[in-house]
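Notes follow the structure.
None of the figures in this text is laboratory data; all of them are computed from the coordinates on show. Computed from a predicted structure; not experimentally measured. Neighbour counts run over all protein chains shown; Cβ positions are idealised from the backbone, glycine included.
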Amino acid sequence: MEMVQDPLNLIICGVGGQGNILIASILAASFHQKGYRITVGDTFGAAQRGGAVFSSLRVSARKLYGPLIPSGKAHIILGLEPLETLRLLIQYGNPEIVCITNISPIYPVGVIAHNLRYPNIEELKKSILDLSKSAHFIDAADMARRLGLQISMNMIMLGILIASGLLPVKKEDVLEEMKRIFPPVRLPANLQAFELGIHSIASETEIH
């Protein structure tokens, strides 16, 4: 698949501990193996676990671009946490952007302490839809829990992104990189989660 945009600007966002940086690393290596020029920028919140984290990937067939995506210029957002998806969408979105979002929230400390209000999920979904050309909502965290793969939720989201056809890399490209980076003890669970994401978008049972 050829890229419609060059550079292709992809944001992967979530909170610390969800594994968005691992997704970015796998994709960057997969793009590189296909001959694309790729730059990656990671932005961390105040806390290692629970703080906002996002990775920006800029992919080109022609040249290297700076790692920071200009405001309003993202093409795809893969969100591992719904409020973070909306936050990044407000800054980097435009009428042509596509969002793929895990709808299971992770509440900040202020919400847990009852000092802040976390938006209703339906409110979040409506706001994301209003600001996107296309938006897909998946309870990937619940899918992972049902299979006992909680720590591999990010690989479910990676599978969904690859199966969406939005990127110029295929399932086989990503599988090759996963087999390279995961140790044998961790590989089966991550492959299972990745395949679950692939099949969920193929059947459209988890996409809305």
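Considering only DSSP beta bridges where both residues belong to the chain, give the percentage that are antiparallel (nearest 5). Show your work: numbers first, answer last.
Values: 16 of 29 bridges.
Restricted to the chain, the bridges split so that about 55 percent are antiparallel.
Would you mind checking K34/K126; K63/K170; K133/K179; K73/K170; K73/K126; K34/K125 for any pair whose Cα atoms are more than 30 angstrom apart? Before the final figure, lay out the partial values.
Working: K34/K126 36 Å; K63/K170 21 Å; K133/K179 34 Å; K73/K170 24 Å; K73/K126 21 Å; K34/K125 34 Å.
Too far apart for the 30 Å limit: K34/K126; K133/K179; K34/K125.
Cα-Cα pairs above 21 Å in the range 17-108: how many percent? Don't skip to the answer; put the middle values down first.
Working: 1335 of 4186 pairs.
That tail contains 32 percent of the Cα-Cα pairs.
Give me a comma-separated list of calculated 3J(HN,Hα) values for the range 129-143, in order, Karplus coefficients 6.51, -1.76, 1.60 applied at θ = phi - 60°, integers in Hz, x for any Gly or Pro.
4, 4, 9, 10, 5, 8, 9, 10, 10, 9, 8, 5, 5, 5, 4
How large is the convex hull of the Cα atoms of the chain per residue, expressed in Å³ as a whole number?
On the way: hull volume 24.6 nm³, N = 208.
Cα convex hull per residue, to the nearest whole number: 118 Å³.
Just how far, in whole angstrom, is the range 18-82 from the range 105-181 if you go by their alpha carbon centroids?
A separation of 15 Å, based on Cα centres.
Only four residue types carry charge here, +1 at the Cβ of Lys and Arg and -1 at the Cβ of Asp and Glu. Report the dipole size of the chain about the Cα centre in Debye, rounded to the nearest 20.
Roughly 460 debye, rounded to the nearest 20.
Using DSSP loop states and a limit of at most 16 other Cβ atoms within 10 Å to flag trypsin sites (Lys or Arg not before Pro), what is the longest stretch of the chain containing no flagged site? Mind dumping the intermediate values first?
On the way: sites that count: K34, R49, R62, K63, K73, R117, K133, K170, R186.
Excluding the exposed sites themselves, the longest stretch runs over 74-116.
For the range 79-173, what is the largest minus smallest coordinate of the Cα atoms on each principal axis, given in angstrom and ordered from greatest to least?
46, 37, 18
Per-residue ellipticity at 222 nm for the chain, helices alone: DSSP H runs ≥ 4 residues times -39500 (n - 2.57), over residue total, nearest 500 deg cm²/dmol? Provide the component values of the computation, followed by the final result.
On the way: 8 runs with 85 residues, N = 208.
Value at 222 nm, helices only: -12000 deg cm²/dmol.
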